[in-house]
Amino acid sequence: MNMAQTKEFMLLFRFEPSINYQPTQEEINEMHQQWGTFISHIAFQEKLISTHQLGFEGKQIFADKSIQEGIHIANKQAIAGNMVLLAGSIEDALEIAKNCPILLMGGSVEIRSVQPM
């Protein structure tokens with residue numbers, strides 16, 4: 001792929017947190033392996049810019065400067081992490097996202113173009 005023809009896209013990983021379900025150690029190990037394979041495949045193609053897993057500790061601040069404890073959950077989903085990658089088009093980024101392990105967990109991936117600030 002010609003890097004001059006690529007753009008940056010961010011994948012936002014969302015899932016539905018559940019306080020009633022705790023995965024087994026075997027399930028956790030399997031998820032880590034799936035994520036490792038997914039990320040290393042993208043890195044091997046020299047398309048990975050960055051990736052982050054988000055924790056559950058958080059605070060929110062609003063326009064009136066009020067503060068709320070906890071993470072933002074909308075439509076029962078929270079952002080679990082993100083990835084910035086190089087792709088020729090949003091369709092190419094979508095093809096990469098189709099292999100994301102979050103989909104196996106019932107989650108979703110939002111693909112967004114990245115605009116410089």
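The values are calculated or read from the model by the stated rules, or taken from the named source; none is laboratory data. Fair warning: this is a prediction, and the values are worked out from it, not measured in the lab. Note that each Cβ is placed from the backbone with ideal geometry, even for glycine, and that neighbours are counted across all protein chains shown.
Observations
- Every residue from segment 14-36 that is aromatic (Phe, Trp, Tyr) and at pLDDT 95 or above: 35
- Taken as a whole, the condition of being surrounded by fewer than 13 Cβ atoms within 10 Å (Cβ to Cβ), at pLDDT 95 or above and aromatic (Phe, Trp, Tyr) applies to residue 44.
- Scanning segment 47-71 for residues that are outside any loop (DSSP other than H, G, I, E, B) and polar (S, T, N, Q) returns 50, 51, 53, 60, 68.
- Of residues in segment 47-86 being exposed (fewer than 12 other Cβ atoms within 10 Å of the Cβ) and of a type in the set (A, V, I, L, M), the one farthest from residue 107 (Cα to Cα): 63
- Tabulated pairs, segment 48-64, first in contact (Cβ under 8 Å) with a residue 12 or more places away in the chain, second surrounded by 10 or more Cβ atoms within 10 Å (Cβ to Cβ) and assigned to a loop (DSSP other than H, G, I, E, B), C-beta under 7 angstrom, 6+ apart or interchain: 56/71; 58/70; 58/71; 60/72
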